[in-house]
Ligand code: PLP
């Protein structure tokens with residue numbers, strides 16, 4: 001099997017597992033306990049926090065561990081908005097992950113916030129002039145994702161953040177897909193809050209982190225013992241934090257080499273598919289794109305059928321978001337960039353990682369045209 005679904009989740013790195021092992025075995029204490037085992041667990045937790053802060057270029061106290069990217073997004077947007085005194089408007093984009101969009105929907109429904117979407121173009125890129133015009137004294141928070149999970153488009157985050165800073169509007173970015181591939185330096189990006197999730201870059205599932213610039217204080221969404229500076233109660237998973245920190249450090253060390261290799265593989269795959277598959281279109285931006293991401297629509301097919309054909313050939317990929325897999329709903333991202341429903345149902349996404357080889361890419365290049373033809377000739381798309 002060749003795994004082309006790294007945007008859904010990546011395999012756990014062996015070094016991450018090794019970093020976790022002591023906290024799953026001997027050093028099992030609760031990091032809030034004052035006895036020796038607790039103190040050792042606390043050291044492990046704080047070392048992990050400091051390691052992650054090192055990659056983000058922030059201080060350890062600005063990192064809050066969460067259960068993953070979804071919770072980090074919820075805490076950033078709902079936690080911040082509910083605790084804020086300024087305005088009742090959230091500015092975001094229509095192509096954000098559901099973790100962000102559903103949080104905004106709940107702020108509108110349950111708390112009377114206005115949610116405004118900055119326009120995006122056919123490539124999925126945010127219109128900076130329009131974004132700027134939405135940053136008024138009424139704006140509580142602006143959130144624009146760093147890179148899109150379905151179409152791979154990378155947003156101008158530093159530029160968006162600079163506009164927000166000039167307007168005095170706090171800025172959050174969902175960096176879940178960018179982590180491990182693009183810079184996470186919070187000063188370079190100029191962001192106030194940033195979400196990451198370990199399982200996207202070779203760490204364990206069920207842990208993420210939210211960076212919150214010092215002085216920006218979100219209201220907690222989970223109450224209890226006051227762990228994580230009071231932002232997020234609940235006994236921390238020290239093992240997961242250690243695994244996440246190790247995976248992030250390794251990803252940061254490998255980043256430049258990996259990105260260069262990925263870019264070559266990605267462009268080879270995209271060029272070959274666009275040439276060899278009739279009616280194939282690339283979704284998302286060709287130039288402002290994650291280095292490990294290729295996403296297409298194949299007119300007159302059905303994405304899920306192409307996936308089955310590819311799986312029969314030993315290639316695992318997805319139609320877009322793992323959260324929407326198997327559902328009949330049309331992708332909100334593809335709709336937002338102006339792709340009609342029929343074409344949106346033909347989406348196929350291939351995303352790769354450190355273990356992907358040139359040979360794997362060659363297999364995908366060989367298999368895709370045949371899989372699409374089979375679906376077309378068998379009418380597997382008729383619904
Ligand atoms: N944000 C983006 C852009 C994602 O792609 C995902 C997961 O696919 C999430 C948030 C949610 O992360 P998690 O699975 O850790 O909750």
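The values are calculated or read from the model by the stated rules, or taken from the named source; none is laboratory data. The structure displayed is predicted, hence computed values, not measured ones. FYI the Cβ positions are ideal-geometry reconstructions off the backbone, even for glycines, and counts take in every protein chain you see.
All conditions in (1) within 21 Å of residue 243 (Cβ to Cβ); (2) away from the ligand (no atom under 16 Å from the Cβ); (3) surrounded by fewer than 23 Cβ atoms within 10 Å (Cβ to Cβ) hold for residue 56, with the sole exception of (3). Buried (at least 16 other Cβ atoms within 10 Å of the Cβ) and either without any contact (Cβ under 8 Å) to a residue 24 or more places away in the chain or within 16 Å of the ligand (Cβ to nearest atom) (or both), is that true of residue 133? It is false that residue 133 is buried (at least 16 other Cβ atoms within 10 Å of the Cβ) and either without any contact (Cβ under 8 Å) to a residue 24 or more places away in the chain or within 16 Å of the ligand (Cβ to nearest atom) (or both). (1) within 16 Å of the ligand (Cβ to nearest atom); (2) surrounded by fewer than 18 Cβ atoms within 10 Å (Cβ to Cβ): which one isn't true of residue 33, the others all being true? (1) is the only condition that residue 33 fails.
Just for strands (runs of 3 or more DSSP E) wholly inside the range 277-374: which have at least 2 residues that are buried (at least 22 other Cβ atoms within 10 Å of the Cβ)?
On the way: elements: 280-282, 293-298, 347-351.
The strands (runs of 3 or more DSSP E) meeting that bar are 293-298, 347-351.
One residue stands out among those in the range 152-178 that are in contact with a helix residue (DSSP H, G or I) (Cβ under 6 Å, 6 or more places away or on another chain) and within 12 Å of the ligand (Cβ to nearest atom): the one that is farthest from residue 292 (Cα to Cα), which is 172.
Of the residues contained in the range 10-20, one or more are found to be within 30 Å of residue 363 (Cα to Cα), surrounded by fewer than 16 Cβ atoms within 10 Å (Cβ to Cβ) and within 16 Å of the ligand (Cβ to nearest atom). Apart from one condition, residue 51 fits all of (1) within 16 Å of the ligand (Cβ to nearest atom); (2) surrounded by 18 or more Cβ atoms within 10 Å (Cβ to Cβ); (3) closer than 24 Å to residue 200 by Cα; the exception is (1).
Considering only residues of the range 180-199 that are under 13 Å from the mean Cα position of the chain (by Cα) and over 21 Å from residue 23 (Cβ atoms), which is nearest to the ligand (Cβ to nearest atom)? Looking at the filtered set, the residue picked out is 195.
For the range 60-103, the set of residues classified as over 19 Å from residue 191 (Cα atoms), touching a helix residue (DSSP H, G or I) at 6+ places or on another chain (Cβ under 7 Å) and without any contact (Cβ under 8 Å) to a residue 60 or more places away in the chain consists of 103 only.
Listed by first and then second residue, the pairs linking a residue in the range 143-158 that is within 15 Å of residue 121 (Cβ to Cβ) and assigned to a loop (DSSP other than H, G, I, E, B) to a residue that is within 11 Å of the ligand (Cβ to nearest atom) and at pLDDT below 95, with Cβ atoms under 9 Å apart and 6 or more places separating them unless they lie on different chains, are 151/320. When the range 103-118 is limited to residues that are under 29 Å from residue 289 (Cβ atoms) and surrounded by 14 or more Cβ atoms within 10 Å (Cβ to Cβ), the one that is farthest from the ligand (Cβ to nearest atom) turns out to be 116. There is no residue in the range 40-47 that is within 16 Å of the ligand (Cβ to nearest atom) and either in contact (Cβ under 8 Å) with a residue 24 or more places away in the chain or closer than 22 Å to residue 165 by Cα (or both). Scanning the range 313-355 for residues that are more than 26 Å from residue 125 (Cβ to Cβ) and modelled with pLDDT of 95 or more gives 313, 314, 315, 316. Within the range 201-237, work out how many residues are touching a strand residue (DSSP E or B) at 6+ places or on another chain (Cβ under 9 Å), outside any strand (DSSP E or B) and within 15 Å of the ligand (Cβ to nearest atom). Number of matching residues: 5.
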